[in-house]
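Note sheet for the following structure.
The values are calculated or read from the model by the stated rules, or taken from the named source; none is laboratory data. No experiment lies behind these values; they were computed from the predicted model shown. Using ideal geometry, Cβ is built from the backbone for each residue, glycine included, and neighbour counts are taken over all protein chains shown. Keep in mind that these areas ignore ligands, DNA and RNA; they rest on the heavy atoms of the full protein, side chains included. Shrake-Rupley method; radii C 1.70, N 1.55, O 1.52, S 1.80 Å.
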Amino acid sequence: MKTILSRRVSSAKPPMTREMTRLGNELARAGRSIMSLAQGEPDFDTPLHVREAAKRAIDEGKTRYTDVPGTRELTAAIMRKFERDNGLIFQPSEITIGVGSKQVLYNALQATVDPGDEVVVAVPAWVSYPEMVRLAEGVPVIVPATAKTGFKITPEQLKAAITPRTKWLMLNSPSNPSGAEYTAAELEGLAEVLLRNPHVWMMSDDIYEKIRYGAGPFPTMAVVVPEMAGRCLTINGVSKAFAMTGWRCGYGAGPVELIRGINLVQGQSVSHTSSVSQAAAIAALDGPMDFLPPFVEAYRSRRDLVVAAMNSIKGIECMVPDGAFYVFPNCEKLMGRTTPKGKVIATDMDLCMYFLEDAGVALVPGSAFELPGHFRISYAAADATLVEGMKRLIEACADLR
């Protein structure tokens, strides 16, 4: 029987981050002890004042439809956030609010990409970037960066990747999965290329803006190179910094025509994000931020623990990330080794399945992020989980022959 599914859906892949988490959960339900380090989800609770704001919204009957772009109140809070934190001034018509920042990315591609248009994806990249491009019937142009360049692409690479069909450059900084952060000077270098190619727009995914380990202001393209602001979609949300992954509330800011197109896609799909989540997001953006430094310091401590553990393993090399809550070790020297059960480790997926099935640690292979020979560890997990997980990984690698 012929499939009813479209070619674009049939060719898309499910997110490997979710798949590895699912496999780990299945083993856990079967009674196995599993250290789940596959999903990028803070283990902290949503701050109390945010939760209380959501409860008040429910009690006050703020449970109706909102405007497609979001409530006026949250739009105003987002405008204040951009001005306060980034020095960016936007009008309400330049703001869109989506069901997580992921939907803003998806909507933007649906609104702008025609069949055959190209989108430059700097990799390692979040697993959904290439698939979202394909679902828009575009062509993801994969530009790889390695540890030699700090997992950041160079202006020369960007220049070589651009063609007359290029629509966007998608960039996430600090990055999922590597934790790499582009400096202002590095963004300026990329901007020089983009300014010479006025048909290419910039999608700046800043979701990890608040989880950084260096000093100084956060560099984002629309701030660092104001000439690019008219071709820049700046995307952020409350999921990561505010431990609000399940609330599904993200936002984007950019030129009016682009935002209008994004809102058209949203209006014909989900209409808007939850009214209660929007009320909670106002409290997050406008409320006290005293919880953030302890969150970041906890992540820094966990990062250092995981990096030290990885670099203690012969055959693994791990850079110290600048932000986010992931490490992305190189495991190429472990390829070709054999497990105690006699299975040859031929790929990073083989290694991650060995870690899961034999050691009880759920990770994500680097090939899911378009850079094979690596794997990603999320250290947004309890300290005890990380300590036990690192112990198991060290022992599992020692057992390889």
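Which one is farthest from A368 (Cα to Cα) among residues in segment 1-16 that are among the hydroxyl-bearing types (S, T, Y) and surrounded by 11 or more Cβ atoms within 10 Å (Cβ to Cβ)?
Here is the first cut: in segment 1-16, the residues among the hydroxyl-bearing types (S, T, Y) are 3, 6, 10-11.
From the residues that got through so far, the ones that are surrounded by 11 or more Cβ atoms within 10 Å (Cβ to Cβ) too are 6, 11.
On the way: S6: 23, S11: 15 Å.
Step by step, filter segment 1-16, then rank; the result is S6.
Can you name the number of the only condition in (1) touching a residue at least 12 places away in the same chain (Cβ under 8 Å); (2) over 22 Å from the mean Cα position of the chain (by Cα) that V224 fails?
(2)
Would you point out which residue out of G315, G360, G336 is in contact with a Cys (Cβ under 9 Å, 6 or more places away or on another chain) and at positive phi?
Going through G315, G360, G336 in turn, the sole match is G315.
Specify the residue that is farthest from the chain's Cα centre (by Cα); the eligible residues are those in segment 179-210 that are part of a loop (DSSP other than H, G, I, E, B), of a type in the set (A, V, I, L, M) and surrounded by 24 or more Cβ atoms within 10 Å (Cβ to Cβ).
A180
This table checks each residue for (1) buried (at least 18 other Cβ atoms within 10 Å of the Cβ); (2) of a type in the set (V, I, T).
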site	(1), (2)
G252	yes, no
V327	yes, yes
E332	no, no
P340	no, no
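V127: at pLDDT below 95 and out of contact with any Leu (no Cβ under 6 Å at 6 or more places or on another chain), yes or no?
So V127 passes the test.
Examine segment 382-396 for a residue that is touching a Pro at 6+ places or on another chain (Cβ under 9 Å) and surrounded by 22 or more Cβ atoms within 10 Å (Cβ to Cβ), and state whether such a residue exists.
Among the residues of segment 382-396, not one is touching a Pro at 6+ places or on another chain (Cβ under 9 Å) and surrounded by 22 or more Cβ atoms within 10 Å (Cβ to Cβ), which makes the answer no.
Is it the case that G214 is modelled with pLDDT under 95 and either open to solvent by 10 Å² or more (accessible area, probe 1.4 Å) or not in a loop (DSSP other than H, G, I, E, B) (or both)?
Judged against the criteria, G214 is a match.
Name the helices (runs of 4 or more DSSP H) wholly inside segment 44-140 in which the number of residues that are of a type in the set (D, E, K, R) and open to solvent by less than 50 Å² (accessible area, probe 1.4 Å) is 1 or more.
Here the list reads 72-81, 128-135.
Within the bounds of segment 283-295, is there any residue that is part of a helix (DSSP H, G or I), touching a residue at least 12 places away in the same chain (Cβ under 8 Å), farther than 27 Å from I89 by Cβ and open to solvent by 20 Å² or more (accessible area, probe 1.4 Å)?
yes
Name the single residue that is nearest to the chain's Cα centre (by Cα) among those in segment 289-334 being farther than 18 Å from T146 by Cβ and among the hydroxyl-bearing types (S, T, Y).
Residue satisfying both the conditions and the ranking: Y299.
Which of the residues that make up segment 195-228 are aliphatic (A, V, I, L, M) and closer than 28 Å to S367 by Cα?
V200, M202, M203, I207, I211, M221
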